[in-house]
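Have a look at the structure below, then the notes.
Every number here is computed from the coordinates shown, using simple stated rules; none is lab data. This one's a predicted model, so the numbers in the text were calculated from it and none came from an experiment. Backbone-built Cβ (ideal geometry, glycine too); neighbour counts: all protein chains shown.
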Amino acid sequence: MLTGNFSASLIGLAGFALTARALGPADYGILALCFAFTRAVERLVSFQSWQPLIKFGADALETGKLDDLRQLLKFGLLLDISAALLAWVVAVLLIYFASPLFGITDATRTFALIYCTVLPFQISGMPTAALRLYGRFSVLAYGQVFGSILRVLLCLLGVFLSWGLLEFTLIWMGMQIATSVSMTLYAFAELRRQGLHGTFMAPLRGVTERFPGLWRFALSANVSLTIRSSASEFDTLLVGYLADPTSAGLYHIAKRIGRIAQQAGVQVQAVVYPELAKLWATRAVGAFNQIVRQTQWILLGAGIALVGGIYVTIEPLLVWTAGADFRGAAPLVTVQAVAVMMTLCGSVMRSALLAMGLENSVLRSVLISTAAFHAIAIGLIPTIGAMGANIAHIVMATIWMATMTLSYRKNIWSQGA
């Protein structure tokens with residue numbers, strides 16, 4: 001799975017590089033702002049239902065309670081659909097009523113409205129949970145690889161045909177929609193293969209009684225993710241507003257490169273979190289703690305190697321791929337890599353705390369670290385540009401990791417580990 005997702009990230013970066021080379025910093029900055037805006041709204045509104053579905057579904061699957069699992073998956077699917085539709089409505093209303101207040105140009109507003117079409121199709125929580133619960137990680141990984149290859153081919157065609165901002169916007173929109181729809185179809189095919197028929201027909205009445213704490217966990221995890229997303233997704237928008245679209249384009253390129261490593265961390269979590277949830281459900285505390293420590297060391301080593309490799313190679317790589325106009329993103333990528341390294345290590349703690357049912361500890365750490373991010377970013381971006389956002393990410397990652405580690409150690413020691 002990790003190989004497949006790492007390949008998808010590398011191929012996806014090639015798509016961004018081709019788009020940047022074709023459009024140039026200014027138009028690429030507009031596309032980056034549209035992309036960041038829809039992701040931000042999606043993260044703010046969506047419930048990321050895969051987290052509670054995996055936590056409660058792992059126990060139902062282990063004990064063979066398939067009717068309960070059907071009911072839980074239907075609950076997650078309806079939550080996903082409702083959130084996707086709400087995200088689209090919120091995004092359109094924000095563009096119509098808030099964009100004049102921030103001085104957004106008519107052209108940028110038009111492209112943002114077009115890009116919002118992806119939001120009603122972002123139904124990924126239940127499909128992700130279903131595929132992960134049944135260990136179908138390869139479907140997730142290699143489906144992304146196929147989608148990334150197709151996107152790169154379309155972007156390459158666009159470069160040769162001298163397509164403009166509208167055509168590249170349609171490419172990125174279309175591929176996002178296709179990826180989401182295909183994953184949903186894969187998930188239902190897998191449920192049918194496992195003999196889990198009739199998910200749509202499962203009754204919802206009594207779901208919160210069968211799964212005590214379901215709503216509390218879903219809401220807490222969503223609030224935590226929403227607050228953290230205000231930093232990880234709104235940062236590009238902050239750079240665009242406090243600096244300019246060109247700076248936002250450079251910053252977005254830096255973020256995409258950094259996310260190659262971050263994607264590895266996300267996929268490690270995808271493998272580790274279901275296992276941690278199962279171990280904690282059976283109170284195998286020793287094995288639980290061992291997996292957490294080993295995964296952290298692996299990600300720390302990978303992060304250190306990442307920072308060193310980027311420092312040496314990033315400037316010529318940017319010139320060769322995106323073009324000389326994006327040379328200014330090189331120092332941004334290096335500093336971003338430091339923040340990514342720290343986030344990778346912290347992500348293991350987040351998975352562990354959620355598996356332990358300590359979602360309030362995660363929420364508390366997110367509140368503190370995100371407040372620090374916004375204070376630093378708003379203070380630094382107007383004076384030093386996009387680099388201010390990267391520095392703010394380093395501070396946020398440090399606080400996030402430290403506070404979660406303290407909570408984890410306190411609770412794991414109380415279990416005698």
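A few remarks follow.
- Taking the longest Cα principal axis of the chain as reference, the axis of helix 330-355 is set at about 10 degrees.
- ³J(HN,Hα) computed for each position of region 206-213 - Karplus, 6.51 cos²θ - 1.76 cosθ + 1.60, integer Hz, glycine/proline x: x, 5, 6, 6, 6, 10, x, x
- Modelled label reach - R216, point 7 Å along Cα→Cβ, region 336-360 residues with backbone N closer than 20 Å: 351-360
- Of the trypsin sites (Lys or Arg not before Pro) found in region 157-214, those in coil by DSSP whose Cβ has at most 14 other Cβ atoms within 10 Å are R205.
- Stretching the chain fully between A14 and S162 yields a gain of 51.6 nm (0.36 nm per residue, less the alpha carbon separation).
- Computed extension length for R192-Q415: 76.4 nm, one decimal, from 0.36 nm per residue of separation with the Cα-Cα distance subtracted.
- Region 356-398 versus region 312-329: alpha-carbon centroid distance in Å: 27 Å
- Cβ-derived FRET efficiency at R0 25 Å, W320 paired with I177, nearest 0.05: 0.20
- Table column - 3J(HN,Hα) (Hz), region 171-187, Karplus curve with 6.51, -1.76, 1.60, x for Gly and Pro: 4, 5, 4, x, 6, 4, 5, 4, 5, 5, 5, 5, 5, 5, 5, 4, 5
- Relative contact order [Cα under 8 Å, 6+ residues apart], region 2-414, whole percent: 24 percent
- For the chain, the longest principal axis of the Cα atoms and the long axis of helix 285-321 meet at an angle of about 10 degrees.
- Computed over the alpha carbons of region 2-414, Rg followed by Dmax gives 20.9, 63 Å.
- Count, lysine Cα pairs under 28 Å in the chain, 8 or more residues apart or across chains: 8
- Take the Cα of R109, go 7 Å toward its beta carbon, and none of the backbone nitrogen atoms of region 66-86 fall under 12 Å from that spot.
- Relative contact order %, region 1-139, counting alpha carbon pairs below 8 Å whose residues are six or more apart: 35 percent
- The packing ranking, built from the mean of other Cβ atoms within 10 Å per residue, places the peptides 371-377, 388-394, 285-291 in the order 388-394, 371-377, 285-291, highest first.
- Rounded to the nearest 10 degrees, the inclination of helix 359-384 to the longest alpha-carbon principal axis of the chain is 10 degrees.
- The modelled label-to-label distance between A26 and Y311, using points 7 Å beyond Cα along the C-beta direction, is 3.7 nm.
- Spacing of the two label points (7 Å from each Cα toward its C-beta) at R283 and V89, in nm: 4.6 nm
- Inter-site label distance for I384 and A371 at 7 Å from Cα along Cβ, in nm: 2.4 nm
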